[in-house]
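Here's the structure we're looking at; comments come further down.
The values are calculated or read from the model by the stated rules, or taken from the named source; none is laboratory data. From a predicted model like this one, the values you see are computed outputs, not experimental measurements. Note: ideal-geometry Cβ built from the backbone for every residue, glycine included; neighbour counts use all protein chains shown. The accessibility values were calculated without ligands, DNA or RNA, using every heavy atom of the protein model including side chains. Shrake-Rupley method; radii C 1.70, N 1.55, O 1.52, S 1.80 Å.
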Amino acid sequence: MKINTLQTSLLVLLLAFGCHMSNENNFKKNTDNLKFIGLIPPIIADDTSKLFMEDYFTDLSSIDSVTSSSLALQLSPNKKELILNTNEQTPILSELKIWVRKQPISFLIKKSNKKLVNISFKLERKYTKVLIKGQFNNWLSEPMTLSTEGQLEKSFYLSPGNYQYKIILDDKEISDPSNPNIISNGMGGTNSLLIIPKTPNEQLPNLFTKQLSEGGLRIGFVNKPMEVFAFLQNKRIKTNIHNNNEIIIHLPKEASSQERTHLRIWAYNEAGISNDLLIPLENGQPISDTDKLKRSDLQYMLMYFALIDRFHNGKLNNDDPINDKRLRSIQNYMGGDLSGISKKIKEGYFDRLGINTLWLSPLTQNPYEAWQEFPEPRRWYSGYHGYWPISSSKVDHRLGTDEDLKELVKTAHEHEINIFLDYVCNHVHKNHPIYQKHPEWTTSFDLPDGSKNIRIWEKQRLTTWFDEFLPTLDLSNPEAIEAQTDSAIYWIKEYNLDGFRHDATKHIPEEFWRSLTRKLKQEVMIPQDRYIYQIGETYGSHELIAQYIGPGLLDAQFDFNLYFTSRDAFIKEDQSMEIVANALMESLSWYGHHHTMGNITGNHDQSRFMGLASGAVRYDENHVEAGFNRNIQVKDTKGYLTLSNYFAFVMTIPGVPTILYGDEIGMVGAGDPDNRRMMRFDSLSRFENRTRTIVSQLTQLRKNHLALSYGDFIMLHADKNVLAYARNYFGETVIVVINKGGREKISFYIPEYLNIDSLKNQFNTGNINIDNRKASISLPERSFEIFINQ
């Protein structure tokens, strides 16, 4: 959709943008031999913080100096580290300048809002040990202290937000007896919920895109900011705050020298920091038409995960399942291959589905025989999924050939589709040459207490093995780092891939990710002038997930916290949509309002959304065993309506929508491997066909409306059954209303700054009536509606 442009020489009104990303598609050459990559996200500064300069610059000798009016700075003699110190006078937003050959590079500094929080309670009797674990300590059990008043206590430095946790009395987990706030843990039980209040949004500056013009923009605000920070790429530019609640900015002429640049804006007042804004520019002009966006524009990506062996069989002559009676068909190779994916691209399947990014499962050679897992009941499996590599450079013969992969990438690019490879860095199979030649490159399998270091996910996070035949590499070892990063670079260079999905991100030291990203910049991004996107997989707290995101690390991770919270709220009658609203706003506060985190419809390690939504799989049962013990099929077809509601949510919120193959038809399944059935394209039920049609309509809406990729986000309403929000991009307004309950009459207030002229429903499930900015809508049971002004 095209946004109307005001034909005057206006400037821009801008406010803040808080986005953890390094997602630039063009690479700004500052001076001489210095090349700089990406957008610098805000830096969260504690009392003392450290910046690794090689995360930002490839030539440290070009750094002249560092300056700031509000921070104490200390640059190391080798210029590799910069120490920042804040104090009571440091404002909550400030600017750091790093001077490179007499040119300033601007960094936005956010002062940390962490505070000391104490959790305490009394017990009626004594226990041998009392421990606490939760999202605030990455679920590591820590002892509590007995105070002189008889209280059990534990303190943490935490930012405002919500934190799930458990108390452990000897070996029994319980909820905090002094805390009435509980939340579902997604597995049939509950956790205690620590709520650290945030400043109400009504008090913070709220920025919104208002009007485009030749040479500039106008940005509106609610609650006047004290200071505005606007950045063209990584250079701060001037802003003017007007009394008519506008910020005006002139776009410098230098912006016209590059095809794609970005304008980013933040602001603050006495109450706190605003939302952030992101405006894409083409040759210095704000983009007003989705036709100008490309697959390389990260906020515009729409991702699809294809488990290669389970997607489509394009060549029968490479079928080679393992001949082992201990394997059921679901545990063996089923025939999907690279040619099958190429065929579906050529047939237009992904075009019709609106996909512009394909994430492929690992495709290196996996074992030729079955292997037995260590945990009970010690079943046997093949490596059909690709996560047991015995080679770092060979395509698995059951999936295809080198030429098949090159053909797939070529075909995808002709259809304007990115190809991301799922790459396994953390471990190898015992039959891999790395382990055969260098067993000393692995972490310890036997722990000092005599136990085996297998699947100890948190306590041994950086060393644990996934199984006894899958040794974890010690990726703090320089030789191991060199070998694994070289292998990763090989795949990008040899096959012209566009990015990575990284397995087991949190189990790998940060120094490895820094080394890989530095190599990608030096060997691919700069010489080839193209961006390589990297997204990680981490289960854990927001803080742990964010720890791996940045210019020298990864671009994003999958937002599992938002997925689990929203999935359960959409499905469970006793959970309120207010929980979804809170979880979504929490993610935006951590990752920014224009992040490129992956918003998933499902995950290949979890039961299918449809399995839970249809009642085929119970929350309180063992999902893996359910898949082995009974034939999981759709139990209640109303689950398709719940799934469609969830798709409407994923396709309209900030972030990168990511579809698990088969979710577009409501494929059912219990735990792994039952959730990894063969994809079906034909002989679909009317419910499956209807779901796929709705998904296609939603993806096309996202592709055709800038507000759904770059728009401001406004939460309008949340109650037990209803969630309503808006996206706005320079007058293009999209209002989304989702009802998970019975027939509902819904009403909410629409802010004055949103354009509500000629709002039209897109799915014919409900009409909107607006009287004096109060909207009234009636929606059927388990339905949604999207309104867009024409």
Exercise for review: Those residues that are surrounded by fewer than 15 Cβ atoms within 10 Å (Cβ to Cβ) and either in contact with a Cys (Cβ under 8 Å, 6 or more places away or on another chain) or closer than 25 Å to Ile105 by Cα (or both), I need them from the range 210-251; list them, please.
Suggested key: Met226, Lys238, Asn240
Check your understanding: How many residues are polar (S, T, N, Q), touching a strand residue (DSSP E or B) at 6+ places or on another chain (Cβ under 6 Å) and surrounded by 12 or more Cβ atoms within 10 Å (Cβ to Cβ) if we restrict to the range 117-144?
Key -> 3
Review point. Quick check: anything in the range 505-519 free of Cβ contacts under 8 Å to residues at least 24 places away in the same chain and surrounded by fewer than 17 Cβ atoms within 10 Å (Cβ to Cβ)?
Key: no
Review point. How many of the residues in the range 380-398 are crowded, with 17+ Cβ neighbours inside 10 Å and among the charged types (D, E, K, R)?
Key: 2
Practice item. Go through Leu207, Leu140 for me and flag whichever is within 25 Å of the chain's Cα centre (by Cα), aliphatic (A, V, I, L, M) and modelled with pLDDT under 95. Key: Leu140
Review point. What are the residues in the range 299-317 that are open to solvent by 10 Å² or more (accessible area, probe 1.4 Å) and either within 23 Å of the chain's Cα centre (by Cα) or within 22 Å of Ile43 (Cα to Cα) (or both), if any?
Key: Tyr300
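Table: residues versus (1) in contact with a His (Cβ under 7 Å, 6 or more places away or on another chain); (2) of a type in the set (Val, Ile, Thr); (3) surrounded by 19 or more Cβ atoms within 10 Å (Cβ to Cβ); (4) part of a loop (DSSP other than H, G, I, E, B).
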{"residue": "Pro280", "(1), (2), (3), (4)": "yes, no, yes, no"}
{"residue": "Asp291", "(1), (2), (3), (4)": "no, no, no, no"}
{"residue": "Lys294", "(1), (2), (3), (4)": "no, no, no, yes"}
{"residue": "Asp324", "(1), (2), (3), (4)": "no, no, no, yes"}
Exercise for review: Considering each of Arg686, Arg680 in turn, give the residue that is surrounded by fewer than 24 Cβ atoms within 10 Å (Cβ to Cβ), farther than 22 Å from Arg310 by Cβ and without any contact (Cβ under 8 Å) to a residue 40 or more places away in the chain.
Suggested key: Arg686
Study note, to complete from the structure: Residue hits (the range 431-452; under 24 Å from Glu369 (Cα atoms) and part of a loop (DSSP other than H, G, I, E, B)) are Asn431, His432, His438, Phe445
**Study point:** Single residue of Thr565, Thr601 found to be surrounded by 24 or more Cβ atoms within 10 Å (Cβ to Cβ) and more than 23 Å from Ser709 (Cβ to Cβ)
**Key:** Thr565
Revision key, fill the gap. If we keep only residues of the range 158-177 that are in contact (Cβ under 8 Å) with a residue 40 or more places away in the chain and among the acidic types (Asp, Glu), then the residue least open to solvent (accessible area, probe 1.4 Å) is Asp176
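Listed here are the residues, each with its yes/no results for (1) closer than 30 Å to Leu298 by Cα; (2) buried (at least 22 other Cβ atoms within 10 Å of the Cβ).
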| site | (1), (2) |
| --- | --- |
| Asp712 | yes, yes |
| Ile738 | yes, yes |
| Arg743 | no, no |
| Tyr753 | yes, no |
| Asn761 | yes, no |
| Asn764 | no, no |
| Ile786 | yes, yes |
| Gln790 | yes, no |
Practice item. Considering (1) free of Cβ contacts under 8 Å to residues at least 40 places away in the same chain; (2) open to solvent by 30 Å² or more (accessible area, probe 1.4 Å); (3) touching a strand residue (DSSP E or B) at 6+ places or on another chain (Cβ under 6 Å), say which one Ala726 fails and leave the rest. Key: (2)
Review point. From the set of residues in the range 145-155 that are surrounded by fewer than 19 Cβ atoms within 10 Å (Cβ to Cβ) and of a type outside the set (Val, Ile, Thr), which is nearest to the chain's Cα centre (by Cα)?
Key: Ser155
Review point. Which one of the conditions (1) part of a helix (DSSP H, G or I); (2) in contact (Cβ under 8 Å) with a residue 40 or more places away in the chain; (3) open to solvent by 10 Å² or more (accessible area, probe 1.4 Å) does Leu544 fail to meet, given that it meets all the rest?
Key: (3)
**Study point:** Residue under evaluation Lys774, criteria (1) surrounded by 15 or more Cβ atoms within 10 Å (Cβ to Cβ); (2) farther than 30 Å from Ile417 by Cβ; (3) among the charged types (D, E, K, R), criterion not met
**Key:** (1)
Study note, to complete from the structure: For the range 244-261 the number of residues that are under 23 Å from Ser94 (Cα atoms) and over 29 Å from the mean Cα position of the chain (by Cα) is 8
**Study point:** Residue identified as over 17 Å from Gly598 (Cβ atoms) and assigned to a loop (DSSP other than H, G, I, E, B) among Arg530, Arg518
**Key:** Arg530
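For (1) in a loop (DSSP other than H, G, I, E, B); (2) under 29 Å from Leu643 (Cβ atoms); (3) of a type in the set (S, T, N, Q), each residue gets a yes or a no:
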site: Val734; (1), (2), (3): no, yes, no
site: Val737; (1), (2), (3): no, yes, no
site: Pro751; (1), (2), (3): yes, no, no
site: Ile777; (1), (2), (3): no, yes, no
site: Glu781; (1), (2), (3): yes, yes, no
site: Phe784; (1), (2), (3): no, yes, no
site: Phe787; (1), (2), (3): no, yes, no
Point to revise | Checking His604 against (1) touching a strand residue (DSSP E or B) at 6+ places or on another chain (Cβ under 8 Å); (2) in a helix (DSSP H, G or I); (3) not hydrophobic (A, V, I, L, M, F, W, C), the condition it does not meet | key: (2)
Review point. Does Gly669 fit the bill of being closer than 21 Å to His385 by Cβ, crowded, with 24+ Cβ neighbours inside 10 Å and in contact (Cβ under 8 Å) with a residue 60 or more places away in the chain?
Key: yes
Revision key, fill the gap. Those residues of the range 492-509 which are part of a helix (DSSP H, G or I) and farther than 22 Å from Ile549 by Cα amount to Lys493, Glu494, Tyr495
Review point. Can you tell me which residues in the range 337-379 are over 15 Å from Tyr661 (Cα atoms), in a strand (DSSP E or B) and open to solvent by less than 20 Å² (accessible area, probe 1.4 Å)?
Key: Thr364
Point to revise | In the range 604-617, the residues that are open to solvent by less than 10 Å² (accessible area, probe 1.4 Å) and in contact with a Ser or Thr (Cβ under 6 Å, 6 or more places away or on another chain) | key: Val617
**Study point:** Number of the condition not met by Ile390 [criteria: (1) over 27 Å from the mean Cα position of the chain (by Cα); (2) of a type in the set (A, V, I, L, M); (3) assigned to a helix (DSSP H, G or I)]
**Key:** (3)
Review point. Going through the range 504-521 one residue at a time, which ones are closer than 19 Å to Ile489 by Cβ and either modelled with pLDDT under 95 or among the charged types (D, E, K, R) (or both)?
Key: Glu510, Glu511, Arg514, Arg518, Lys519, Lys521
**Study point:** Qualifying residues in the range 180-209 (those that are touching a Leu at 6+ places or on another chain (Cβ under 7 Å) and farther than 30 Å from Trp266 by Cα) - the one most open to solvent (accessible area, probe 1.4 Å)
**Key:** Ile182
